[in-house]
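Notes follow the structure.
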Amino acid sequence: MEMDDFSWDDIEPCEISSAGTSGVEICNIQYSDEYKLVMGYLIKLMSLKEYSERALILTDQVIKLVPAHYTIWQYRFDIIKFLKKDILKELEWCERVALENQKNYQIWHYRQLLIELYINNNGKFKPEFEYPLIDTMIGEDNKNYHVWAYRKWLVEKFNLYADQREIFFINEMLTKDIRNNSAWNHRFFIFFNNNNKEITKNLIKQEIEFTKNAIDLAPQNPSPWNYLLGIYENEKFNLNLKDLEPFLLKYSNIEEELNDGKIEPLIISTFSLEILAKIYQLNNLSEKSIKIYNLLADKYDPIRKNYWHYKRDNLISI
Amino acid sequence: MTMSAMPELLLEKHVRYFHRLLGILPSQFQSADSNKLVIIYFALNGLDILNKLDTVKIPERELLIKRIYENYLVLPGGEGFRGSETYNLGENKSSSSYNYDPPNLAATFIALSILFILKDSSIVQRLDRDKIMKYVQRCQIQDGSFKPILNLDGKPFGDSDLRYSMIAATIRKFLKYDKGDNNDIDLKLLEASIISRKSYDGGFGSEVFTESHGGLTYCGISTLKLINRIEGKSWDKTIDFLIHRQISFTEYNKKELEYEFNDIDDIGGFNGRLNKYGDTCYAFWCLGSLKILSDEFVKFVDFTELEKYLLNKTQNKIMGGFNKTSDEDEIPDPFHSFMGIITLSIINDEKSRNDG
C-alpha cells in the first residue's frame, strides 16, 4: 500500500516551514516537497489522533524520512493497537525497516513493545522467530550495539540463559572474529549474569581455558584480556590473580630484561606486562612492578606514559 | 631549516561552519529535523568555546531566544521543551490532555543550555522550575533510569538508556534542585541504576550487562557527579578502561593493524569500544570522564598525540568543522564538530594549567 492508495481530500496538510510561528528563520532546512507534504499530513492526523490505515501508511513514510522522530513510534503503536492489526505482520514490517536502515535505533524498542503486546494477546511467542533478523543484522555489522542489546533482552525475556543456541551463536561469532568485543561481552552476560545461580568452579575453569586459548591466537587483542581480568577480579569467584603468572610469562620473557637488561626480551603482549606488574605488587615485589611500569612508559606503551608513571609513583609512595 | 608542519586550528573556518548551521541548511538535514534545537546548541556552544559568541549579534540572539521559547510546552503532567517546531501540532500551547506533542527530556536539556549560553535573563519569569522537574520526575521508571517522553496515558515511553539519566540529572542541576524540593527525582534509585550498568571491564553500558562504551561511560560518571555520588567508590578499572581507549600502534602491536577496524591514521585518537576504529567524539567522552573523576586522571592522556589526530586527521580543512573519523572522504557534522572543538579546548586548558 502507498499513500496514493488512500484519499486525503478531506484534510488540509499543515504548512511546514523553518520559520516557526514567530517567522524567525534559524537553521533553515531546505525541506523537499515530499518532506513537507508527508510531515504536513502527519501533524494534521496526529493532532486529530486519527487511527486509520492511511495514518499507518503515513507513519511508514515518516519513519523512512526521519528515523529519529521521537513520537512517531508511539503514534504507530497506538494505531496498531486501535486497529487490532496482526502483530506478526507488523513484526515483518519492522524487520524490513530495520534492514533498510541499520542505524535506526528506536525500532528495537518498538519491536520489544510489539512482542510484549503479542504475548498479552496470544499468551506465547517463540523467540526463535527473531533469530533470522538478528543473524542478518549482525552479518551486516557484527558489533551493532542495538542488535546485541536486543539479543540480550531476548535472553532475559524468554529465559534463554541455558539455551545451547546462545553459546553456539557466541562461539560462531568469535570464530569468525576473535576481536569482536560485543560477542565477548555477550559471553560474559550468558555465563556470569545475575540470574545464573550455577556459576560452578567448572564453568569458571572452562571460561579461563577458553580465554587463554583466544589470547594465544592474538596476544595483543584486548578483548580476551579484559574478559580474563573480569573473571579473576570478580570477588564472588574467589580467584587469585597470582595464579596467572606462569601464563603471563609465556607472553613476555620479562624476567631476563629485569635481571640484566642485556637480552632483548620477547614481548608478545603488553597486556601480560600490565597484569604482571599487578601480581608483583601483590607479592610485595614492588621493585619489579616499578621496573615494568617504567618499561611500559618508555618502551612498550608510551602513549599511556603518564598513566604508567602514576601507577609507578603510587607504588613508591607505599 | 624546515618548519615541522605544526597542526593548526582553522579558527575562522570553524566559526564560519558554526554560523552556517544557524543559517540555511541543505535538505540532507531533514533527517535531523527532530533535533533542530541540538544543531543550534552545537553551533552556539561551539562558538562560545572558540570565544566567538560575540559574532552572534544581539538582534540574532533575541530571535534565537524567541525561537527557543516557541518550543516550550505546558501540559498537565509537567512542562518542558519539544525538539523542533516540526512537532508543533498547531494546538494551543497549553493543552489540557496529553497529545503527540510532548516535552522531550533531551530537548529540555538542550533548550535550557541554549538559554544559559545566551544569558537569557527572562528565564526565571518564563519557566516554572517545579513544573519542569515534575515532568522529569514522571519520566523516571521503576529501576531508577529515565525515558525521554510521556505517552498519551502520561506514562514514560521510549528507550531508557544512560543518556536520559545524565540528561535528567543535568536538568536538575540547571534548575538548582535539591533534596527536599517538591518534585525531586529518586536519587537513590538513580544511583543504583547507574552502578548496575558498570561492566566487568570498568566501563558502562546502556543497560545492565551490555557492552562498555565510552559515551555511555561518560553519561554514567557525569550523572554520578551531578548527584554527588562519585566519592567513596573505586574507579581504578574505569580509569583503566578509559585510558586504554587512546589508540596506539607501535612495534609491539603492529600486527593488530591487519585487523579491519584498526587504522594507522587513528593513532592518538580514541575509540569508544574495544577493537573499534577511532572517532572524534570518543576523545571527548573519555577525556571528559577522566576529568570528572579527577583533574589528576585527565593528565594520563597523551595530549600531543590526541591534538595531532584531531587537527591533522579529523579537522575538515576545507569546510571547517570536524569529521567523525580519519576517513578523508567524510564531511563534517554538527555533533563531531562540536566534540572536536570542546576536546581541543580541554587540552588547551590542561596545557596552560601545567605551564602556569
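In loop segments of the stretch A:173-256 as defined by DSSP, the trypsin sites (Lys or Arg not before Pro) with at most 11 further C-beta atoms inside 10 Å of their C-beta are A:197. Hull volume per residue, based on the alpha-carbon atoms of chain A and their convex hull, is 205 Å³.
Rounded to the nearest 20, the Cβ-based charge dipole of the protein assembly as shown about its Cα centre (Lys and Arg +1, Asp and Glu -1) stands at 1680 debye. What the phi angles of the stretch B:204-215 give under the Karplus curve with 6.51, -1.76 and 1.60, with θ = phi - 60°, is a coupling list of 10, x, 5, 9, 4, 6, 8, 5, 4, 8, x, x Hz, glycine and proline written as x.
Other protein chain C-beta atoms within 10 Å of residue C-beta, averaged over B:26-33: 6.
Once the Cα atoms are used to define both axes, helix B:105-117 deviates from the longest principal axis of chain B by about 80 degrees. Contact order, relative form, for chain A: 7 percent (alpha carbon pairs under 8 Å, 6 or more residues apart, mean separation divided by residue count).
Note on residue B:119 and residue B:259: the model spin-label points, each 7 Å out from Cα along the C-beta direction, lie 4.9 nm apart.
Where does the charge balance sit around residue B:109 when Lys and Arg score +1, Asp and Glu -1, over other residues with C-beta under 12 Å from its C-beta?
Charge balance in the 12 Å sphere: +3.
About its Cα centre, the stretch B:197-356 has a charge dipole of approximately 640 debye under the convention of +1 per Lys or Arg Cβ and -1 per Asp or Glu Cβ, with nothing else charged.
Listed by Cβ neighbour count within 10 Å, with the fewest neighbours leading, B:86, A:175, B:343 appear as A:175, B:86, B:343.
State the extension gain, in nm to one decimal, for the chain segment bounded by residue A:206 and residue A:89, taking 0.36 nm per residue of separation less the distance between their alpha-carbons. Don't jump to the answer; show the numbers that get you there.
Values: separation 117, 0.36 × 117 = 42.12 nm, distance 4.24 nm.
Contour length minus Cα-Cα distance gives 37.9 nm.
Exceedance of the 23 Å cut-off in Cα-Cα distance is limited, within the set A:143/B:317; A:299/B:254; A:311/B:299; A:152/B:147; B:254/B:308, to A:143/B:317.
Each peptide in A:274-286, A:122-134 was scored by the mean count of other Cβ atoms within 10 Å over its residues; highest first, the order is A:274-286, A:122-134.
Pairwise over distinct Cα atoms, reciprocal of the mean inverse distance: report the Kirkwood radius of the stretch A:1-111 in Å, one decimal place. One decimal place: 15.0 Å for the Kirkwood radius.
Can you give the net charge of the other residues whose Cβ lies under 13 Å from the Cβ of residue B:319, counting K and R as +1 and D and E as -1?
It works out to a net charge of -1.
Taking only the Cα atoms of the protein assembly as shown, the ratio Rg/Rh comes out at 0.97, with Rh defined as the Kirkwood radius.
When Rg and the Kirkwood radius Rh are both evaluated on Cα atoms of chain B, their ratio Rg/Rh stands at 0.97. A compact globular protein would have a Cα radius of gyration near 2.2 N^0.38 Å; the ratio found for the stretch B:229-273 is 1.49.
Relative to the longest principal axis of the Cα atoms of chain A, the long axis of helix A:270-282 makes an angle of roughly 60 degrees. In the structure shown, the pairs A:85/B:155; B:134/B:237; A:36/A:85; A:84/B:155 are assessed against 31 Å; a Cα-Cα span above that value is assigned to B:134/B:237.
Give me the net charge of residue B:351's neighbourhood, meaning all other residues with Cβ under 11 Å from the Cβ of residue B:351; Lys, Arg count +1, Asp, Glu -1. Around residue B:351, the surrounding residues sum to -2. Rg over Rh for the stretch B:32-196 works out to 0.97, both radii taken from alpha-carbon positions and Rh defined as the Kirkwood radius.
We did not get these values from a lab; they are worked out from the coordinates using the rules stated. None of the values given here were measured: they were computed from a predicted structure. All Cβ positions, even for glycine, are placed from backbone atoms using ideal geometry, and neighbour counts span all protein chains on display.
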